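Chemist: Quick one: the structure is below, questions incoming.
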Amino acid sequence: MKIVAITSCSTGIAHTYMAAENLETAAKKLGVEIKVETQGSIGVENALTSAEIAAADGVIIAASTTVNKDRFSGKKLLDVDVTEAVDHPEELFERVKTAPVYQENKDSSNDASANSTEPKATNNVGNKAKGIYGHLMTGVSYMIPFVVAGGICTALAFAVGGINAHGVLAQAISKLGNTAMGLMWPVLAGYTAFSIADRPGLVPGMVAGMLSSSMNAGFLGALLGGFLAGYTVLAMKKWIKLPSSFSGLMPILIIPLISTLFVGLVMKFIIGTPITALNKGITAWLNSLTGVNSVLLGLILGAMMAIDLAGPIGKAAYFFGVASLTNLSAGQTSPIMAAVMVSGMVPPLALALSSTVLGKNLYSKDEREAGKSAWVLGLSFISEGAIPFAATDPIRVLAAMTVGSAITGGLSMWFKCGIAVPHGGFFVFLIPGAVSHVLLYVIALVVGTVISGFLITFLKKMRYKGKEVNA
């Protein structure tokens with residue numbers, strides 16, 4: 001059997017490549033010939049050719065973002081979330097045998113980019129189970145590089161010119177960081193709309209995101225604006241029919257103009273005001289949190305970061321942290337983002353500690369090798385480094401990780417730690433001004449890591465009753 005596959009996750013970092021590797025490993029074990037195209041944060045790699053697709057017996061798309069399926073018309077196509085390829089790759093090869101034959105969407109057949117390998121909308125509105133989440137994750141996957149680049153530029157400005165970025169070079173770097181961060185809401189809204197309605201959704205989506213930014217409507221405003229723009233354009237493409245001699249005006253004049261007017265006015269006079277008020281209210285509430293209340297929030301955010309290892313719950317906590325950065329003044333740090341980041345570092349670090357130091361005899365050879373990589377992934381704030389362990393023993397691993405991450409998040413808030421960047425892990429701890437109370441921040445990380453590390457080792461020993469695991 002010959003299979004072609006595509007993997008893609010919302011961040012385009014860990015799940016994308018873990019899913020591809022697991023599919024390739026499972027295929028080798030089952031004697032299946034496979035080629036996997038990855039659509040990650042650096043673009044399309046190992047792109048599928050027309051000849052390879054034509055020779056394939058089936059197609060597996062494992063993605064949490066929206067992927068263009070038009071190339072696979074007439075092929076058996078299995079469309080699942082990327083986590084299924086990470087956790088249960090062998091099952092997908094059985095399921096693809098009975099998968100339905102995909103028929104190219106007629107609405108997108110005349111799109112000039114229909115044969116492109118670039119991720120784009122499928123216009124499959126009926127795919128409700130994956131549709132809404134897939135559209136959101138597509139927007140997020142394009143947004144995150146702007147957030148990371150902008151945040152780290154801001155931290156570098158602090159390193160060069162102090163917490164207030166004094167000096168010409170520091171101010172220039174700070175401006176670059178602010179510019180990149182300022183684009184994140186337009187990019188989120190624009191590419192959410194793009195996922196829904198293809199390229200015509202970009203204009204109204206980005207305008208909605210810019211309005212959300214200027215009105216201080218934040219993440220919620222950009223999100224609602226992106227969906228409004230996407231489905232507005234989709235409705236226009238479906239219901240507005242022009243004579244063939246005027247059809248060329250649709251993508252360059254009629255759709256951009258009417259959709260932008262409609263979405264912009266709705267954002268300005270209907271959606272924007274209440275969302276802005278809600279956003280300000282949430283910000284004021286967060287700023288008022290002290291003592292037990294702030295620790296409780298840290299516990300909740302920490303637990304969310306570990307309970308599904310960068311799944312939908314973890315991403316919700318992460319976006320909450322990112323949103324808190326957008327309301328900061330120059331030189332300020334966010335305690336919310338600090339609790340989120342440090343908690344997300346705990347799971348891979350704790351499993352690295354357990355599998356390479358505390359309980360090496362309780363893990364298989366492959367898990368011990370994964371533990372070595374987990375040290376680096378954890379320090380880099382890539383929670384997905386814990387997934388190989390959770391896939392084989394989810395209840396014990398997730399329970400132990402959630403405890404340690406929750407404690408770390410609570411300690412971070414209790415110590416009043418803050419951070420000015422949305423990513424980078426331990427490596428941004430070294431930048432002066434990027435983290436407030438950095439020594440206490442490191443203590444919070446170590447405490448949570450040790451607690452989860454010892455807890456998972458204890459639970460493993462209870463499971464195996466002290467027996468070594470066969471390599």
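The values are calculated or read from the model by the stated rules, or taken from the named source; none is laboratory data. Just so it is clear, the structure is predicted and the values come from calculations on it, not from any experiment. Using ideal geometry, Cβ is built from the backbone for each residue, glycine included, and neighbour counts are taken over all protein chains shown. Just the protein is used for accessible areas: all its heavy atoms, side chains included, with ligands, DNA and RNA removed. Shrake-Rupley method; radii C 1.70, N 1.55, O 1.52, S 1.80 Å.
Chemist: Within the range 424-434, which residues are in contact with a helix residue (DSSP H, G or I) (Cβ under 6 Å, 6 or more places away or on another chain), open to solvent by 30 Å² or more (accessible area, probe 1.4 Å) and within 13 Å of VAL342 (Cα to Cα)?
Modeler: PHE426
Chemist: Among the residues of the range 64-85, what is the count of those that are among the hydrophobic types (A, V, I, L, M, F, W, C) and either touching a Cys at 6+ places or on another chain (Cβ under 7 Å) or more than 20 Å from LYS97 (Cα to Cα) (or both)?
Modeler: Qualifying residue count, the range 64-85: 2.
Chemist: Collect the residues in the range 379-408 that are over 17 Å from ALA19 (Cβ atoms) and touching a Ser or Thr at 6+ places or on another chain (Cβ under 8 Å), keeping them in residue-number order.
Modeler: ALA400, MET401, VAL403, GLY404, SER405, ALA406, THR408
Chemist: Answer yes or no: is there a residue in the range 264-271 that is in contact with a Gly (Cβ under 6 Å, 6 or more places away or on another chain) and buried (at least 20 other Cβ atoms within 10 Å of the Cβ).
Modeler: Yes, the range 264-271 has at least one match.
Chemist: Looking at this structure, is LEU223 out of contact with any helix residue (DSSP H, G or I) (no Cβ under 6 Å at 6 or more places or on another chain), crowded, with 18+ Cβ neighbours inside 10 Å and not acidic (Asp, Glu)?
Modeler: So LEU223 passes the test.
Chemist: Given the criteria open to solvent by 50 Å² or more (accessible area, probe 1.4 Å) and not hydrophobic (A, V, I, L, M, F, W, C), does HIS437 qualify?
Modeler: In short, yes.
Chemist: Another question, then. Quick check, is ALA306 in contact (Cβ under 8 Å) with a residue 40 or more places away in the chain, open to solvent by less than 10 Å² (accessible area, probe 1.4 Å) and not hydroxyl-bearing (Ser, Thr, Tyr)?
Modeler: yes
Chemist: Report the residue count in the range 190-220 for those that are assigned to a helix (DSSP H, G or I), open to solvent by less than 10 Å² (accessible area, probe 1.4 Å) and either at negative phi or among the aromatic types (Phe, Trp, Tyr) (or both).
Modeler: 12
Chemist: If MET401 satisfies all but one of (1) under 21 Å from the mean Cα position of the chain (by Cα); (2) more than 15 Å from MET304 (Cβ to Cβ); (3) open to solvent by less than 10 Å² (accessible area, probe 1.4 Å), what's the number of the condition it fails?
Modeler: Status for MET401: all satisfied but (2).
Chemist: Taking the range 370-417 as the search range and keeping residues that are not aromatic (Phe, Trp, Tyr) and not in a helix (DSSP H, G or I), which one is modelled with the lowest pLDDT?
Modeler: Restricting to residues being not aromatic (Phe, Trp, Tyr) and not in a helix (DSSP H, G or I), the top hit is ASP393.
Chemist: Same structure, new question: Is there a residue in the range 358-369 that is within 24 Å of ILE313 (Cβ to Cβ), assigned to a helix (DSSP H, G or I) and touching a residue at least 60 places away in the same chain (Cβ under 8 Å)?
Modeler: no
Chemist: ALA85: of a type in the set (A, V, I, L, M, F, W, C) and over 25 Å from GLY131 (Cβ atoms), yes or no?
Modeler: Criteria not met by ALA85.
Chemist: Now for a different question. In the set ALA54, ALA62, ALA26, which member is modelled with pLDDT of 90 or more and crowded, with 23+ Cβ neighbours inside 10 Å?
Modeler: Only one candidate passes the filter, namely ALA62.
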